[in-house]
Amino acid sequence: MLQNSFGIQLSYASVDRGDGSDPRPSARDILSLLRVPAGMRDATAAWDDREEAVLAIPVTDDGHVLTLSEEDTVESTLSTSELKSAFEAEGLTLWLDVDVDVDEDEAFGFDPVEELVDELIDDSAEVGADESEDAAIDSALFAASAVRVSAFSHRGPGIARILATARRMPVDHRESGDWSLQQFETSEPTGDWSTSRAEVPVIELNRADADVWFEVTTGNGGPVPFWTDAERDTLPVLDIDAIRVPETAEIYRRLLTEGDGSRDELLELAAAVRLDVDAAHRALIPEALGGVIGAESRERAFLAAFGVAPDLIDAAFGGATARPQRRFLPVGWWTAVRETAIAGVGEFTPLTRRERPLARLGEALRRRPVVGLALSFGEFAAGAWVTSRVRGAGRTLGLLLVIDALIDAAISIVRIRRGRG
């Protein structure tokens with residue numbers, strides 16, 4: 001949040017009019033008259049019978065609204081109740097709740113969530129809904145809609161195979177340099193599906209019918225969400241360029257660009273992974289205040305700030321080369337384990353570590369299964385010799401060598417057969 005002497009927080013408040021008409025022009029007039037350095041979300045979008053508009057209003061720690069004096073200095077003399085009264089006088093209702101110390105039950109005299117649940121139960125009892133109808137209602141209310149996910153990371157194809165099997169969904173996998181793109185549809189989070197810190201960040205671009213958002217996982221806690229469209233059409237209520245005191249203008253600008261805390265979250269991510277914080281932040285702030293212009297351009301810029309390969313970004317947006325390099329279909333766990341073993345450890349090696357000696361050796365054996373078969377024979381012979389000559393723990397080690405050799409030999413034989421086919 002902002003670092004200044006006013007102790008300000010940016011509160012997002014909704015405003016509506018009883019008849020359902022657009023409240024934004026009147027809300028802007030009220031805030032301009034009171035000289036509140038506020039912002040208005042979706043300021044130029046068509047109203048389309050929406051129920052409410054959203055305002056970003058700066059509020060001090062003691063519950064007062066920030067305003068500007070006639071000399072363009074910052075003041076905090078306007079109370080939230082006075083601001084609400086000004087809206088009520090124009091037939092508007094401002095839903096601005098800043099008193100976080102008031103217990104919800106005390107404020108309303110009841111628990112609104114519990115009251116709503118009780119009301120729904122009473123209504124259900126009145127209409128005599130049977131268990132099957134209840135199940136249908138629950139299914140309709142809580143069914144998760146499918147989300148189209150484009151997940152960028154350093155994960156190998158092994159994760160795609162496991163995801164396809166575990167989530168029972170096709171997963172498309174493609175690679176470019178040390179970045180991969182895995183695309184699928186799901187109703188469950190998958191950002192934490194990584195086996196090594198070398199695979200992060202996992203940057204998921206989620207696209208639903210009515211919303212687009214990112215979830216970024218770095219291994220330090222859970223996914224961090226970002227909405228590139230949330231502040232896109234936010235406009236300042238007052239003309240920032242007309243403010244005569246530079247420090248005041250800067251406070252106003254920073255309120256609308258940093259007040260939502262997104263830059264702080266980006267700085268935390270940058271401490272764990274490579275990230276151009278300024279570039280990512282430009283994809284999140286209002287277009288009118290220097291943000292990237294255009295919905296898709298903002299999404300592309302956010303991905304590019306992490307250093308994602310440009311051709312993978314193009315593929316995620318349906319570019320000409322969007323055909324996947326590999327597609328993994330949901331199969332049974334036995335088949336998935338078998339195919340993973342045949343593919344080798346390279347599929348689970350993070351793309352940033354593929355040039356390491358062990359990973360290169362595994363890839364060489366996968367490409368030359370005859371050499372792998374020969375090594376298996378040698379391992380078998382060594383294990384058999386140890387088993388016949390040594391007792392105790394040494395004999396156990398020999399048995400393990402024999403078993404491992406037989407498994408490796410079987411894998412090499414399958415690879416040879418597939419190579420000839």
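Taking Lys and Arg as +1 and Asp and Glu as -1, the other residues whose beta-carbon sits under 15 Å from that of I243 total -4.
When R327, R274 are compared by accessible area of protein heavy atoms, the largest-first order is R274, R327, using a 1.4 Å probe.
As a calculated quantity, the FRET efficiency between E82 and S297 at R0 = 41 Å, using C-beta atoms, amounts to about 0.50. Net charge around D16, counting only other residues with Cβ within less than 11 Å of its Cβ (Lys, Arg = +1; Asp, Glu = -1)? Net charge in that neighbourhood comes out at -1.
In region 149-262 the Cα-Cα distances spread across 10 Å bins starting at 0 as 12, 34, 23, 15, 11, 3, 0 percent of all pairs. Take T186: with every protein chain present and a 1.4 Å probe, its accessible area is about 20 Å². Pairwise Cα distances in region 1-100 exceed 16 Å for 55 percent of all pairs.
The values are calculated or read from the model by the stated rules, or taken from the named source; none is laboratory data. The structure presented is a predicted model; accordingly, all values stated were derived computationally and were not measured. Here the Cβ is made from the backbone with ideal geometry for all residues, glycine too, and neighbour counts use every protein chain on show. For accessibility, only protein heavy atoms count, side chains too; no ligands or nucleic acids. Shrake-Rupley method; radii C 1.70, N 1.55, O 1.52, S 1.80 Å.
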